[in-house]
1. Among residues belonging to the range B:221-248 that are surrounded by 19 or more Cβ atoms within 10 Å (Cβ to Cβ) and of a type in the set (Ser, Thr, Tyr), point out the one that is farthest from B:Val142 (Cα to Cα).
2. Criterion first (more than 14 Å from every other protein chain (Cβ to nearest Cβ) and part of a loop (DSSP other than H, G, I, E, B)) does B:Ile204 satisfy it?
3. Among the residues of the range C:59-112, which ones are among the charged types (D, E, K, R) and at pLDDT 85 or above?
4. Cβ contacts < 8 Å: first residue under 15 Å from A:Ala397 (Cβ atoms), restricted to the range A:322-337; second residue assigned to a helix (DSSP H, G or I) and acidic (Asp, Glu), any location; separation 6+ or different chain. Result?
5. Out of C:Leu121, C:Leu102, report the one residue that is surrounded by 14 or more Cβ atoms within 10 Å (Cβ to Cβ), in a helix (DSSP H, G or I) and without any contact (Cβ under 8 Å) to a residue 24 or more places away in the chain.
6. Quick check on the range A:112-126. Is at least one of its residues free of Cβ contacts under 8 Å to residues at least 60 places away in the same chain, over 24 Å from C:Leu121 (Cβ atoms) and not in a helix (DSSP H, G or I)?
7. Based on this model, can you work out whether A:Val292 counts as within 21 Å of A:Ala153 (Cα to Cα), touching a helix residue (DSSP H, G or I) at 6+ places or on another chain (Cβ under 8 Å) and not in a helix (DSSP H, G or I)?
8. Tally time: how many residues in the range B:271-301 are among the β-branched types (Val, Ile, Thr), out of contact with any strand residue (DSSP E or B) (no Cβ under 8 Å at 6 or more places or on another chain) and closer than 15 Å to B:Ala103 by Cα?
Amino acid sequence: MLLAAMLILPATAALLALVSRRSAPWVTLVASLVVLWLAVVATLTVITHGPLVAVHGGLTLDALGALYLLLVAFVGVTSSLYSIGYLEVRHRFATRTVPRYRQYHPLFNLFLASMLAVPLLTNLAEIWIAIELTTILSAFLVAYEDRAEALEAAWKYVVLTTMGAMIALLGILVIYAGVHHAGQVPSWAGLVAAAPLLPPAVLLTGFVLALIGFGAKAGLVPMHTWLPDAHSQAPAPICALLSGVETSAALYMILRLYPALTHNSGIPGANAWYLVAGLVSAGTAAFLILQVTDFKRLFAYSTVEHMGIILTAAGLGTAAAHLGTVYQLFAHALTKSFCFYVAGLAAVTLNTQRIKGNSGLLIDSPLVGWALLLGALAIAGAPPFAIFIGEFQVLRAGFAAGQYLATGLLTIFIVIAFIAIVVQIGGLVFREPTSGQTPARTLPVSSVLALGFAFLPVLVFGFYLPPPLRQLIHQAAALLGGAV
Amino acid sequence: MEQVLRFEGECVSVFVAHIVANLLQVGFLLVFAPLVSGVLARIEEMLQGKHGPSIFQTYRDIVKLFNKEELVSEDASWVFRFAPFIQFVMPIFVVSLVPALTAYPLFFAFMGDMVAAGFFLALGGFFVALAAMDTGNVYGPVGASRTRMVGFLAEPVFIMVFFSVSYIANSTIPYAVNAAFSASWVTAFQPAHLLVLIAFFMLILAETDRIPVDSSSGKVEIAMIGHSKNLEYSGPGAALMKWGGSMKLMLLSIIFLNVLLSPWGLATSMAWGDVFFAMPRVLLKIMLFLLVLASVEMSLAKLRLFRISEFLATAFVICLFAMSIRLVGLV
Amino acid sequence: MQTLELARVLDGSFAALSVLAGLGVIVARQMRGTLYLFIAHALMLSASATVLAVSLHSAHLVWVALITLVTKVVAVPMVLVWATGAKVYGRREVEHVLSIPLSLLIAAGLAFVAWSVSQPLVQAIFAQPFAAINVPAGLIAIFFGAFTVAVRREGVAQLMGLLIMESGAFFASIAIVHDLTIIAEIAAAVDVPIAALVIGLLIRSIGSVTGNTRVGQMVRLRERR
């Protein structure tokens, strides 16, 4: 019942938002708060009592799913809080287009519901449908500001991710057929149980198709071309959801295939797939950040990089590396959403998204300037923020496991990205403000509140992890390693 | 299949019967080809909602032309005078090689295979194209060059059709191909068979100058592809060209229907009654085919000249698929 | 054995026709033509599902065939024409990224690649009689759909490429998956018209904001110096 409520609630909120435009933002906020509370309760139950099952086995929740569920719920809350004020500000100062305000909140709620469904559904094919729905429902959220660039970004986003989803469909169905033929229920648990019995060709073909397909959705190179466009043209709260949580959904699918792949004896280089895919993405993104000219695109490329880091971490193979993987997934979603919130505020302050030709944000608007600087440092992996802990854990585990080449490359890429991000954002934030800049606007209160709430976990989890959360991460990492 | 193909060592009466049946096939083509043209023209007009000419109109045209005087330009060479005869005779050669009335091979059956049939038809086209350039008329060479363009684009498709079909049947003799495709009614639905049919149909549209390659009823000279070769002829020469053109259409439909599609209606025994009654059955098949041909033509538009290569490239790739399906031994 | 042989041959013919329909979507000039070819592809999917259902005595596949017929052959075209506006379907793509004969030859090459990629899977698959036909045909459709998105400039043509990919994924899966839950089946089927609706509305917005639907030529977003 708990699990079903988490899906029904946002759907009802969508209906209510469709009916009443005035109360739509508040309905969304309340719904997402309740969902967060339900998610916390469900997670605590999962930590202590093991996987939850509901609706005759139609919905399940285990540790890894609970982790992701928490992320979706939390980012949903901050995002809905942030949108209350942010949309007003953008609306008032929008230049020539009339945004689709009526559709925003209903679509937001449905989008949230589809992302909540990903960790909750049991059947593999149904999970694919949820992932496909996340793309379809967010198409008009990306195209919210009806400009030609936003429409172009939305088109590329929808077409490339739907292509990926179709390829992944075949992969999922092949795996589904295999699991069913091995006599197991086609769910994640059933997949892990059936993995040793599957013919290697079936598992490998399904995995490669799913990697390409879901990789396109997660923004892995070379299918990442839609990501900078979509994540820079969408409004900031949507970017936070897209970058933080939606790409993580696709990555979650790829990660859940990992235990099955490694437990099948007929596939010798299972880890190598993850290592190569991850390193290629991380490396390309690191170099791409060097030449970016728009700070929202910078954060988008940083998403690609972190997706690569997480995949590489999974491919390193040891239990310590898996801990790092799960932690990095967790930390990235929280940090990236914070970065996009501050990027949205910076775009409102500067009235542009370009890095070149703007500087002195620290002096112009201290709140936004400091937040941007801290966000950049956080996402680049500086201590004492959460991402640093994750990356450190991954690198240490990698060297301990003897994977010198992969870990060495990963270190180099992380360092390059760090330098690139700090240099770019530093150029924006430091020095004298450029003259001729329009004076800073009053920032909307709800957005600043949301910024604060989003910042808390980023800072706190850098040096303190509450015991339930620590337990959750350990359990999730164990699932990644193949425990049942 | 073995007993269909052997005829050495049989008695003389069977031998003579085969020759007579072969001549009967030639007569069948000669007599009914203008009727086929007439019926096609009538069906096309009726599909457009008009009344259309009588189905015997082509006979009347040929008789009228035979009674007229022939005028030949002084600059024309022997090619110009020779070409109508070649256009008239080539389909006669080819029809002796293909199963037009009988499912068992006749006297000339092994004298040439499908490649030879293609060669004969191409020989006819070659001489006619040369003759079109012979007179110094403006539209003749234009039409000749366009016909050659369509011809060389259609060549790869022809070859691929021959290869696919002979690969499936393990022989290039039309009678053997016919027997292979009709071995059981299950093989009639084979994907390779289906694709070859589609490709050959597109080829027929190209070779007989039908829409979408050339408009068969329009007479705008500057847009003509195949019909400009007939412009300069008069009297008996024009009659032979017209008759030869109708025979080519009937021949290609006979090849499509009897060799590729299904041998229904062909005589399977040597009784004369059987062979005679094959004629109306084959004619019925041809009429149904003409109905399909006319409907396809009416639903398409004439392609611009440089788009004809795309049309024929599609036919080529379809054939490539047919051959690949067969090569990998799927079905 | 005769009926199994007939079923295999029929299924092979439907698969071959579906490959042809995919080929047509790559090169068809008119947008309306691409829509009709997608409908043809979906019809072949239904037909193949029916043949498999009769031959394998599977009620589930009968449902698949019916649902495909209703959603892809009837609902999707209606939804699309409503969402994008009928005017868009009169458009023709006059200049192509690659010339049509070249696209056809590349498509033939892609078909070969798809076939060879599907071979290890087909050989490992647990004695399903139709997998050898359907899986390569489905994978070929997926490759053709991706190629269509790559080489076509018009929005509707790219959308048809996506729909052909989905159709192809199902074409391959009806031979190997015999019992998707009813919820998954219906949801997957309903998902296609919804996707078509959203993408169609997006095409309409692009048309009204930029004036044409040549999405392949929208290249404003890039790193500017």
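The values are calculated or read from the model by the stated rules, or taken from the named source; none is laboratory data. Being a predicted model, the structure only gives us computed values, none of them experimental. As a convention, Cβ positions derive from the backbone with ideal geometry for all residues, glycine included, and neighbour counts pool all protein chains shown.
1. This residue is B:Ser246.
2. Details: more than 14 Å from every other protein chain (Cβ to nearest Cβ): yes; part of a loop (DSSP other than H, G, I, E, B): no.
Considered against the rule, which asks whether it is more than 14 Å from every other protein chain (Cβ to nearest Cβ) and part of a loop (DSSP other than H, G, I, E, B), B:Ile204 comes out as no.
3. Kept after step one, since they are among the charged types (D, E, K, R), are these residues of the range C:59-112: C:72, C:87, C:91-93, C:95.
Once the filter is applied, which keeps residues that are among the charged types (D, E, K, R) and at pLDDT 85 or above, the range C:59-112 yields only C:Lys72.
4. A:Gly324/A:Glu391; A:Gln328/A:Glu391
5. Details: C:Leu102 fails: surrounded by 14 or more Cβ atoms within 10 Å (Cβ to Cβ).
Of C:Leu121, C:Leu102, the one residue that is surrounded by 14 or more Cβ atoms within 10 Å (Cβ to Cβ), in a helix (DSSP H, G or I) and without any contact (Cβ under 8 Å) to a residue 24 or more places away in the chain is C:Leu121.
6. No, there is no match, as no residue in the range A:112-126 is free of Cβ contacts under 8 Å to residues at least 60 places away in the same chain, over 24 Å from C:Leu121 (Cβ atoms) and not in a helix (DSSP H, G or I).
7. So A:Val292 passes the test.
8. Within the range B:271-301, the first condition is being among the β-branched types (Val, Ile, Thr), and the residues that meet it are B:275, B:282, B:286, B:292, B:296.
Add one more test, that the residue is out of contact with any strand residue (DSSP E or B) (no Cβ under 8 Å at 6 or more places or on another chain), and what stays is B:282, B:286, B:292, B:296.
Adding the requirement that they be closer than 15 Å to B:Ala103 by Cα leaves B:282.
Of the residues in the range B:271-301, 1 are among the β-branched types (Val, Ile, Thr), out of contact with any strand residue (DSSP E or B) (no Cβ under 8 Å at 6 or more places or on another chain) and closer than 15 Å to B:Ala103 by Cα.
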